[in-house]
Amino acid sequence: MSEEDLVWKGKIKAVGIFNFKDAYQYVYNSLIDEDYLVHETKYIEKVLKDGESKDVEAFWTATRTMSNYFKFQIKVQYLILGMKKVKVKRDDREVTMQSGSYEIRFNAVLIKDPGSKWENSLFKKFRRIYDRYIIKNRIEDHELRLYQQVNEIIANAKSFLAIEGQHNYFY
């Protein structure tokens, strides 16, 4: 049976003006650029009673196979509350963006033995010894690499969202 170790858990949270489509695509492209396969497992839009705003929830699972024994997994959850379209002026032209509260959560997991190959072998009893003593440094290296990748993706997404929200003027 595969074993999952939570390496990192964090989020981006803010209220303001943003371009949902561009931010969504930016995080997706960041994962693709790091060689992850991204699957959207759930997407829900709920129009609120005022008819103008909506809540959005989206869930992704991004995976990257590192070897026969290691796989990286990053789970991404978007939660946007009260998202409304707004017109802003940017570089002397009118642009439609969104305003609201957004939160993007990230969980980074190192999966050991993703194919459960050790489960059905004679070496099943030795797996804990293998993990703790024989490949301990390799596990730590993979955890560090995954930690660095998810932190870089989050830092870049924060920068992107901050730049997108700057210098916008309401009409």
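The values are calculated or read from the model by the stated rules, or taken from the named source; none is laboratory data. Just so it is clear, the model here is predicted, and its values are computed rather than measured. Every residue, glycine among them, receives a Cβ derived from its backbone with ideal geometry; neighbour counts consider all protein chains shown. The area values use the complete protein model at the heavy-atom level, side chains included, leaving out ligands, DNA and RNA. Shrake-Rupley method; radii C 1.70, N 1.55, O 1.52, S 1.80 Å.
Residue pairs whose Cβ atoms lie under 7 Å apart, separated by 6 or more positions or on different chains, with the first residue in region 65-88 and more than 14 Å from Ser101 (Cβ to Cβ) and the second of a type in the set (A, V, I, L, M, F, W, C) and in a loop (DSSP other than H, G, I, E, B), are Phe72/Met66. Of the residues making up region 15-60, those that are among the polar types (S, T, N, Q) and more than 13 Å from Tyr78 (Cβ to Cβ) are Asn19, Asn29, Ser30, Ser53. Candidates are the residues of region 60-85 that are assigned to a loop (DSSP other than H, G, I, E, B) and of a type outside the set (S, T, N, Q); the one that is modelled with the highest pLDDT is Met66. Residues in region 116-143 that are closer than 26 Å to Asp33 by Cβ and either at pLDDT below 85 or open to solvent by 90 Å² or more (accessible area, probe 1.4 Å) (or both): Arg138, Asp141. I'd like to check something: does region 41-56 contain any residue that is in a strand (DSSP E or B) and touching a helix residue (DSSP H, G or I) at 6+ places or on another chain (Cβ under 9 Å)? For region 41-56, residues in a strand (DSSP E or B) and touching a helix residue (DSSP H, G or I) at 6+ places or on another chain (Cβ under 9 Å): present. So for region 113-120 (the condition being within 30 Å of Lys46 (Cα to Cα) and either in contact with a strand residue (DSSP E or B) (Cβ under 9 Å, 6 or more places away or on another chain) or without any contact (Cβ under 8 Å) to a residue 12 or more places away in the chain (or both)), does at least one residue qualify? For region 113-120, residues within 30 Å of Lys46 (Cα to Cα) and either in contact with a strand residue (DSSP E or B) (Cβ under 9 Å, 6 or more places away or on another chain) or without any contact (Cβ under 8 Å) to a residue 12 or more places away in the chain (or both): absent. Candidates in region 28-42 are the residues that are under 10 Å from the mean Cα position of the chain (by Cα) and open to solvent by less than 70 Å² (accessible area, probe 1.4 Å); of these, the one that is farthest from Val109 (Cα to Cα) is Ser30. Can you find a residue in region 65-87 that is touching a helix residue (DSSP H, G or I) at 6+ places or on another chain (Cβ under 8 Å), more than 22 Å from Lys158 (Cβ to Cβ) and hydrophobic (A, V, I, L, M, F, W, C)? So far as region 65-87 goes, yes, one or more of its residues are touching a helix residue (DSSP H, G or I) at 6+ places or on another chain (Cβ under 8 Å), more than 22 Å from Lys158 (Cβ to Cβ) and hydrophobic (A, V, I, L, M, F, W, C). Considering region 43-68, the residues that are among the small types (Gly, Ala, Ser) and surrounded by 13 or more Cβ atoms within 10 Å (Cβ to Cβ) include one that is nearest to Glu143 (Cα to Cα), namely Ala62. Total residues in region 1-27 satisfying the condition of being open to solvent by less than 40 Å² (accessible area, probe 1.4 Å) and touching a helix residue (DSSP H, G or I) at 6+ places or on another chain (Cβ under 8 Å): the figure is 11.
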